[in-house]
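Trainee: Got a structure for you, written out below as structure tokens; questions coming shortly.
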Amino acid sequence: AGGDDLIRVGLIGCGGRGTGATAQALKTEGSVRLVAMADAFEDRLEDHLAQLQKQEAIVDRIDVPQERRFVGFDAYKQVLAAGVDLVILATPPGFRPIHFQAAVDAGKHVFMEKPLAVDGPGVRSVLEAAKQAKQQGLAVGVGLQRHHQASYLEAMARLKDGAIGDILFTRAYWN
């Protein structure tokens, strides 16, 4: 909207899922840069920033100086105010509804990991924030494990095309 093709990403929640989602975002085509990070714990933030910086394919897309590294339970608010266009929400799921609503209120595009909530009020909050995001024209994506993985999509296409004949029975487990 401002004539800049750069997508400025903020990470909220520096665990494994957040770090993985951020690395994937930075490996996409186009101009993407990680510019802000938040976590409740400074050591987690610093450790995961160092992990990202070790990845040769994305190191030039990381620009998170000390003044855009935020620590504490309200650090998400500082990321939202740090000039980001998109936030990755990857804190423990009990925080997701609060962070999602704040991101929508701040006019930010969102990628958030699942689960989206842990109780009924949280689910209702996420659904309401999603309606608001849609009304504001904000993009919202959710990490739905395997739903976009090429090998799974190919397997499903083959099954639908009858590659193994008529399916009479299935059983699935996920441990």
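Trainee: So which of Ala155, Ala139, Ala133, Ala90 is out of contact with any strand residue (DSSP E or B) (no Cβ under 6 Å at 6 or more places or on another chain) and small (Gly, Ala, Ser)?
Mentor: None of the others qualify; the one that does is Ala155.
Trainee: Which condition from (1) farther than 23 Å from Asp4 by Cα; (2) charged (D, E, K, R); (3) open to solvent by 40 Å² or more (accessible area, probe 1.4 Å) is the one that Glu113 breaks?
Mentor: All conditions are met except number (3).
Trainee: Here is a further query. Answer yes or no: is there a residue in the stretch 7-18 that is touching a residue at least 60 places away in the same chain (Cβ under 8 Å), closer than 21 Å to Val126 by Cβ, open to solvent by less than 10 Å² (accessible area, probe 1.4 Å) and in a helix (DSSP H, G or I).
Mentor: Looking for residues that are touching a residue at least 60 places away in the same chain (Cβ under 8 Å), closer than 21 Å to Val126 by Cβ, open to solvent by less than 10 Å² (accessible area, probe 1.4 Å) and in a helix (DSSP H, G or I), one finds at least one in the stretch 7-18, hence yes.
Rundown of residues vs (1) farther than 24 Å from Asp4 by Cα; (2) touching a Pro at 6+ places or on another chain (Cβ under 7 Å); (3) not in a strand (DSSP E or B), yes/no style:
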position	(1), (2), (3)
Val87	no, no, no
Val126	yes, yes, yes
Gln135	no, no, yes
Gln145	yes, no, yes
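Trainee: The conditions are (1) open to solvent by 100 Å² or more (accessible area, probe 1.4 Å); (2) in contact with a Gly (Cβ under 7 Å, 6 or more places away or on another chain), and Ala90 fails exactly one of them. Which is it?
Mentor: That leaves (1) as the condition not met.
Trainee: Does any residue in the stretch 139-159 that is in contact (Cβ under 8 Å) with a residue 60 or more places away in the chain come within less than 9 Å, Cβ to Cβ, of a residue that is in a strand (DSSP E or B) and among the hydrophobic types (A, V, I, L, M, F, W, C) six or more places away or on a different chain, and which pairs are these?
Mentor: Gly143/Phe111; Gly143/Met112
Trainee: Can you tell me how many residues within the stretch 114-169 are polar (S, T, N, Q) and at pLDDT below 95?
Mentor: Residues that pass the stated criteria total 3.
Trainee: Okay, moving on. From the list Gly122, Gly83, Gly107, exactly one residue is more than 17 Å from Ala40 (Cβ to Cβ) and touching a Gly at 6+ places or on another chain (Cβ under 8 Å). Which is it?
Mentor: One residue alone meets the criteria, Gly122.
Trainee: Does Leu159 qualify as being open to solvent by less than 70 Å² (accessible area, probe 1.4 Å), under 29 Å from Phe95 (Cβ atoms) and either in a helix (DSSP H, G or I) or not acidic (Asp, Glu) (or both)?
Mentor: no
Trainee: Kindly indicate the residue of the stretch 54-80 that is part of a loop (DSSP other than H, G, I, E, B) and among the small types (Gly, Ala, Ser) and also farthest from Glu42 (Cα to Cα) among those meeting that condition.
Mentor: So the residue we want is Ala57.
Trainee: Assess whether Thr22 counts as being under 16 Å from the mean Cα position of the chain (by Cα) and part of a loop (DSSP other than H, G, I, E, B).
Mentor: no
Trainee: Additional query: Determine whether Ala102 is over 14 Å from the mean Cα position of the chain (by Cα) and in a helix (DSSP H, G or I).
Mentor: Yes.
The values are calculated or read from the model by the stated rules, or taken from the named source; none is laboratory data. If you're wondering where the values come from, they're calculated on a predicted model, not measured in any experiment. Here Cβ is always computed from backbone atoms with ideal geometry, including for glycine, and neighbour counts include all displayed protein chains. The accessibility values were calculated without ligands, DNA or RNA, using every heavy atom of the protein model including side chains. Shrake-Rupley method; radii C 1.70, N 1.55, O 1.52, S 1.80 Å.
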